[in-house]
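A short worksheet on the structure shown next.
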Amino acid sequence: MQQRQYGAAASIAAQLADQAPDDPAAQVLAARSLYDIGELVPARFYLERSFALGNEAPESLHLKSRICMELGDPDGSLRAIERILEKQPGSSFYHCVYGQQRLKAGDLAGARESLERALHLNPREIPAFATLSRLPGSPMPDHCRFVESLLQSAQLTPDDEIRAHYALALQYERTGDDARQFLHLGAMNAKKKRQVAFDAQRSRADTVRMIEHYSADHLRQAQPEPGGLPHLIFVYGFPRSGTTLVEQVLSGHPDVIAAGETSAFMQAAMAVAGPASSADASAAFVDIRQPGVREQIRRGYLARVPQLASGKRVTDKSPENFMLAGLIPAVFPSAKLVNVQRHPVATCYSCYKQTFFGAAVPYSYSLEDLASRYTDYQLITRHWETVLPGRVHTLQYERLVEAPEETVRALLEFCDLPWSEGCLRTSENRRAVSTASSVQARQGINADSVDRWRRYEQYLEPLLHLPGGGARTTAS
């Protein structure tokens, strides 16, 4: 695990757990290792086995909470944190975690209550302040001054410094202080950029290689696969383009269930590509014409998505699957591909003002990196439209919020689904939402953020040169 060989680590840990079935520590190690590679169902199995052996560690319950939330079981997630709080009622950390999980579960009022409780117990609980700043409500000027004093006195950890700048940027956006907002956004992104790695030249090379690899001729040579495959709807697009809202729309249909933001397809492809897959994009460079390759990926994917057992249509929402859109229909010929597009500057600005978990979305911490990566996205999505004619439904976010019924009807027709009014009532959809858009997903289809970026054009100059960046994109 220290060497970041997560797949090998998970295999070793699972073997250890099976060889020592009465050792709760071995079960927890297997659960942690499997969770790290997205194997949620077996991770839950080993964790439950540790509980049966008497494990009651708060860290294990916290892990159970995360697994349950990602598997679409918000009640199980909240119960796990409640068990911790029964024993540690004065823990600001776990009150903060409880608030964050309540937010993902759609309980905004409950989330606020728990986050405010965390800050009451410990005003230095910066993650609680950061999450609270995402919720609708009045600014917190007194706490802003307190957190700024902590930053000036260098009393915070590097991660909490990033969260503090993020929270302060949101607070100053709320008060209309653009200069301070971008001062903190700049500091946040500069600190975060030092923690991640993004190579714009490699990204462009991978994109060009992908376009060359998945030529129309290459895709034609793949032999058709047998029927009986699950009905999947893959929703992708550049991060912060509106993919969560589109997933919320689709999962409001009675015949659809959401798998959430999952890396299942990427993980399944990487398992076939082998240990040489050091970067996400390399997972897609497999020769789909070789016997058994697509079946291997398919089996790996099906094992990672428990929602398929429901018998309903399943949405797989992963923005970065725009790099894999050539491989997806080769593995699942009946899959529907939905590419969500939003105005380039609005999309990139929304990324720039967000801090993502770990090393996810590493290009979001520089306007120049965002512009470069968005160009890659434009290049490859145009290619998919050329080599996969009629297979990709491009949904314009601005059109969705302006004419929701018309846009949703077209989306459902593409997905071979009958009309359902539930698809328009996104604010009533109680499914768990674990992405950065968890707050917006509860506020319904609205145009509040469509042109918000225009207020900040003077700060976003590198993005204005993107094709379509100087003027609002119109739906086709």
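Taking the conditions (1) farther than 18 Å from Q354 by Cβ; (2) modelled with pLDDT under 90 in turn, D177 satisfies each one other than (2). Scanning region 280-329 for residues that are among the hydroxyl-bearing types (S, T, Y) and part of a helix (DSSP H, G or I) gives S282, Y301, S310. Taking residues in region 337-366 that are free of Cβ contacts under 8 Å to residues at least 24 places away in the same chain, and partners anywhere that are buried (at least 24 other Cβ atoms within 10 Å of the Cβ) and outside any loop (DSSP other than H, G, I, E, B), not one pair has Cβ atoms closer than 6 Å while being at least 6 places apart or on different chains. How many residues, within region 325-335, are in contact with a strand residue (DSSP E or B) (Cβ under 8 Å, 6 or more places away or on another chain) and under 15 Å from G237 (Cα atoms)? Within region 325-335, residues that are in contact with a strand residue (DSSP E or B) (Cβ under 8 Å, 6 or more places away or on another chain) and under 15 Å from G237 (Cα atoms) number 2.
Residue-level check: of (1) closer than 20 Å to L108 by Cβ; (2) at pLDDT 75 or above; (3) surrounded by fewer than 17 Cβ atoms within 10 Å (Cβ to Cβ), E421 misses just (1).
Residues are listed down the side, and each one gets a yes or a no for (1) surrounded by fewer than 21 Cβ atoms within 10 Å (Cβ to Cβ); (2) touching a Phe, Trp or Tyr at 6+ places or on another chain (Cβ under 7 Å); (3) under 30 Å from F332 (Cβ atoms):
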residue	(1), (2), (3)
N189	no, yes, no
K193	yes, yes, no
Y214	no, no, yes
D217	yes, no, yes
T244	no, no, yes
E247	no, no, yes
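If you filter region 128-173 down to residues that are of a type in the set (S, T, N, Q) and in contact with a Leu (Cβ under 6 Å, 6 or more places away or on another chain), you find that the one that is nearest to H95 (Cα to Cα) is T131.
Name the pairs whose Cβ atoms lie under 7 Å apart, with the first residue in region 456-472 and closer than 13 Å to L367 by Cα and of a type in the set (A, V, I, L, M), the second part of a loop (DSSP other than H, G, I, E, B) and at pLDDT below 95, and 6 or more positions between them or separate chains? Here the result reads L463/G469; L464/G470, each pair linking region 456-472 to a residue that is part of a loop (DSSP other than H, G, I, E, B) and at pLDDT below 95.
Here are some residues: S114, S149, S133. Which one is within 21 Å of K64 (Cβ to Cβ) and either among the acidic types (D, E) or assigned to a helix (DSSP H, G or I) (or both)? Explain how you work it out, then say what you get.
Values: S149 fails: within 21 Å of K64 (Cβ to Cβ); S133 fails: within 21 Å of K64 (Cβ to Cβ).
Just a single option satisfies the conditions, and that option is S114.
Scanning region 117-130 for residues that are over 19 Å from Q354 (Cα atoms) and assigned to a helix (DSSP H, G or I) returns R117, A118, L119, H120, L121.
The values are calculated or read from the model by the stated rules, or taken from the named source; none is laboratory data. Nothing here was measured: the structure is a model prediction, and the numbers come from that model. Cβ coordinates were reconstructed from backbone atoms using ideal geometry, including for glycine residues, and neighbour counts include every protein chain displayed.
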